[in-house]
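One structure is given below, encoded as structure tokens.
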Amino acid sequence: MSGFPPAQIIPPQVLLGAYAQGVFPMADQGELTWFSPLLRGVIPLDHGFHIPHGMKRAMKRSPFVVKWDTDFRGTMQGCADRERTWIDATILESYCLLHRLGYAHSVEVHDEEGLQGGLYGVALGKAFFGESMFSRKTDASKFALVALVRELQARGFMLLDTQWLTDHLRKFGGIEVPRDEYQRRLKDALGPQDGVFHPPPLGPGA
């Protein structure tokens, strides 16, 4: 599947169906490409998750406040604000629609000057598919990641998918798993499928 014209929305059922199969889209110069990496990045939601010592110190003196779903579009725009991005108008509008439907969520890091970092992704069953993150101030995206993991742990989620593994994510215990192992984990996290997707509650107070 490719070739969605700019700003055309990917139907929600297409996006959710793709995630349920372990596939996700990225845009490049007006072309939409669908990926299912041979090695998939995953952050453990058990004792394998690790907060680096420097981050623990930063959290103690943090000026940040973490919020959920108060500025989803702004979070996506922050993630797209870089020299080369795969978030075009089609991706932006498609995920904003998923957000309005309750499937896509943002974790936002604010201070007195406004939105300084965050991340967004898609929740389905007991799986969260992390899409992108950004920082305008030091460690802001890391605060969002820690808040996300703690929320997923509290709600009994089984899978935190990061698509690819970066050195940044490796410091938090991120690992790579082969595609077949990822598919097994995904199947367990989604549970029995009745053909109808239901957005799981997510975020404090949900």
Study note, to complete from the structure: Matching residues in region 132-150 (open to solvent by less than 40 Å² (accessible area, probe 1.4 Å), without any contact (Cβ under 8 Å) to a residue 60 or more places away in the chain and either more than 15 Å from Pro204 (Cα to Cα) or among the acidic types (Asp, Glu) (or both)) number 3
Check your understanding: Can you name the number of the only condition in (1) touching a residue at least 12 places away in the same chain (Cβ under 8 Å); (2) under 23 Å from His53 (Cβ atoms) that Asp81 fails?
Key -> (2)
Point to revise | Residues that are in contact with a Pro (Cβ under 9 Å, 6 or more places away or on another chain) and either buried (at least 21 other Cβ atoms within 10 Å of the Cβ) or hydroxyl-bearing (Ser, Thr, Tyr) (or both), drawn from region 151-177 | key: Leu160, Gly174
Exercise for review: Need at least 1 residues that are touching a helix residue (DSSP H, G or I) at 6+ places or on another chain (Cβ under 8 Å), more than 22 Å from Arg61 (Cα to Cα) and of a type in the set (D, E, K, R) per element, so show me which helices (runs of 4 or more DSSP H) inside region 120-206 make the cut, counting only ones lying wholly within it.
Suggested key: none
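The values are calculated or read from the model by the stated rules, or taken from the named source; none is laboratory data. Keep in mind it's a predicted model, so treat the numbers as computed, not measured. Using ideal geometry, Cβ is built from the backbone for each residue, glycine included, and neighbour counts are taken over all protein chains shown. All accessible areas refer to the heavy atoms of the entire protein, side chains included, with ligands and DNA or RNA removed. Shrake-Rupley method; radii C 1.70, N 1.55, O 1.52, S 1.80 Å.
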